[in-house]
Amino acid sequence: MTSVEKGFDTVTARRRCLQYRRRILEISQQVTALHVAPAFSCLEMVDLIYHGLMRPSPKGLTCGFQDSFLMSKGHGCLSQYVLLEELGILDKKDLQDYCTPVGQLGAHPDFGVPGIEASTGSLGHGMGIATGMAYADRIKKDDRHVFVVLSDGELQEGSTWEAIMMAANLNLHNLVAFVDLNDFGGLARMSEGHPAFYPVLDKIRAFGWEAIEVNGHDAGAMYEGFMGRSRKLPFMIVGKTVKGKGVSFMEHVPIWHYRSPNKEEYAKALMELGEDSL
Ligand SMILES: Cc1ncc(C[n+]2csc(CCOP(=O)(O)OP(=O)(O)O)c2C)c(N)n1
């Protein structure tokens with residue numbers, strides 16, 4: 001049975017993600033530096049959350065969704081901005097004014113911007129906020145999920161682990177976390193600088209969560225993992241990803257953490273992100 005039959009059309013999702021990558025590159029031409037590779041790394045996760053997991057609701061707390069989403073790795077926010085643009089929550093002008101004094105979109109998400117439920121960017125805070133939100137929903141008996149996207153770098157923050165432990169203590173099965181595990185925490189490989197960081201999956205499970213590890217660019221695998229969860233514990237998808245995914249000369253190359261391509265690089269990247277790459 002394909003993921004379409006199960007409820008999430010992965011073929012259309014791949015097409016959307018191609019367009020998002022092209023759009024992010026387009027925006028990168030307006031500014032001298034943009035977090036291209038961090039956004040490309042978690043794009044399939046963010047797309048799945050918005051298009052496959054969050055339930056639409058006209059009375060939703062956040063711009064038409066019943067559920068909440070926090071981009072805890074705030075520097076990857078272009079992946080969220082392009083989704084919000086496509087959904088009509090942000091408009092084209094917002095993206096055009098990205099990182100300008102007249103615009104409302106900064107290099108990290110700010111609470112108050114449509115679709116943004118918490119200010120993030122200082123690593124290690126989103127998990128705590130998401131845990132608090134999920135706990136509040138439990139108290140209010142609200143039938144909502146809180147989704148959060150984390151990174152390797154955030155798992156280096158003690159505050160993230162405190163929240164992970166608390167979510168398990170509180171048995172928050174309405175909390176769903178994704179880890180964008182691309183092996184880079186900034187400019188260096190985690191596996192080289194911090195070998196004790198691994199295995200991540202075992203650590204998450206030891207903290208009382210239900211967790212799976214899959215390819216973080218495989219939306220079908222993530223969707224099926226989510227649908228197959230027990231719904232008894234907080235749930236985490238550890239997604240193994242490629243930083244800079246989709247553009248060969250950006251993949252695994254640290255400089256693309258925060259750099260805009262020049263004109264030639266931009267043209268080359270667009271060539272690679274053609275329809276035939278699907
Ligand atoms: C508390 C804190 N310390 C340092 C930074 C600077 N910083 C920005 S991104 C980053 C690491 C990026 O690695 P990761 O979080 O794993 O994200 P990804 O590889 O997905 O881009 C760091 C250290 C920060 N934003 N917040």
Requested in this report: Would you be able to say whether some residue in the stretch 168-191 is in a helix (DSSP H, G or I) and away from the ligand (no atom under 16 Å from the Cβ)?
Outcome: yes
Query raised in the report: Only one of SER28, SER41, SER79, SER68 is over 20 Å from TYR223 (Cβ atoms) and touching a residue at least 12 places away in the same chain (Cβ under 8 Å); which?
Result: SER28
Report task. Quickly run through the stretch 209-236 and pick out the residues that are part of a loop (DSSP other than H, G, I, E, B) and surrounded by fewer than 17 Cβ atoms within 10 Å (Cβ to Cβ). Result -> GLY228, SER230, ARG231, LYS232
Query raised in the report: Just checking, how many residues over the stretch 138-159 are more than 16 Å from the ligand (Cβ to nearest atom) and under 20 Å from LEU84 (Cβ atoms)?
Result: 4
**Report entry** Where LYS93 falls short, out of the listed (1) surrounded by fewer than 24 Cβ atoms within 10 Å (Cβ to Cβ); (2) in contact with a helix residue (DSSP H, G or I) (Cβ under 9 Å, 6 or more places away or on another chain); (3) part of a helix (DSSP H, G or I)
**Finding:** (2)
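The rows are residues; the columns are (1) modelled with pLDDT under 95; (2) away from the ligand (no atom under 16 Å from the Cβ); (3) within 17 Å of the chain's Cα centre (by Cα); (4) closer than 30 Å to ARG23 by Cα.
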{"site": "ALA163", "(1), (2), (3), (4)": "no, no, no, no"}
{"site": "GLY193", "(1), (2), (3), (4)": "yes, no, no, no"}
{"site": "PHE207", "(1), (2), (3), (4)": "no, yes, no, no"}
{"site": "LYS243", "(1), (2), (3), (4)": "no, no, yes, yes"}
Report summary line: Within the stretch 105-137, residues in a loop (DSSP other than H, G, I, E, B), among the small types (Gly, Ala, Ser), more than 16 Å from the ligand (Cβ to nearest atom) and crowded, with 19+ Cβ neighbours inside 10 Å come out as GLY115
Report summary line: Considering residues that are polar (S, T, N, Q) and crowded, with 19+ Cβ neighbours inside 10 Å, the number found within the stretch 138-177 is 3
Query raised in the report: For the stretch 192-208, which residues satisfy the criterion of being part of a loop (DSSP other than H, G, I, E, B) and loosely packed, with under 13 Cβ neighbours inside 10 Å?
Result: PRO199
Query raised in the report: Considering only the stretch 243-278, how many residues are in contact with a helix residue (DSSP H, G or I) (Cβ under 7 Å, 6 or more places away or on another chain) and of a type in the set (Val, Ile, Thr)?
Result: 1
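The values are calculated or read from the model by the stated rules, or taken from the named source; none is laboratory data. Note that the structure is a prediction, hence the values are computed from the model and not measured. FYI the Cβ positions are ideal-geometry reconstructions off the backbone, even for glycines, and counts take in every protein chain you see.
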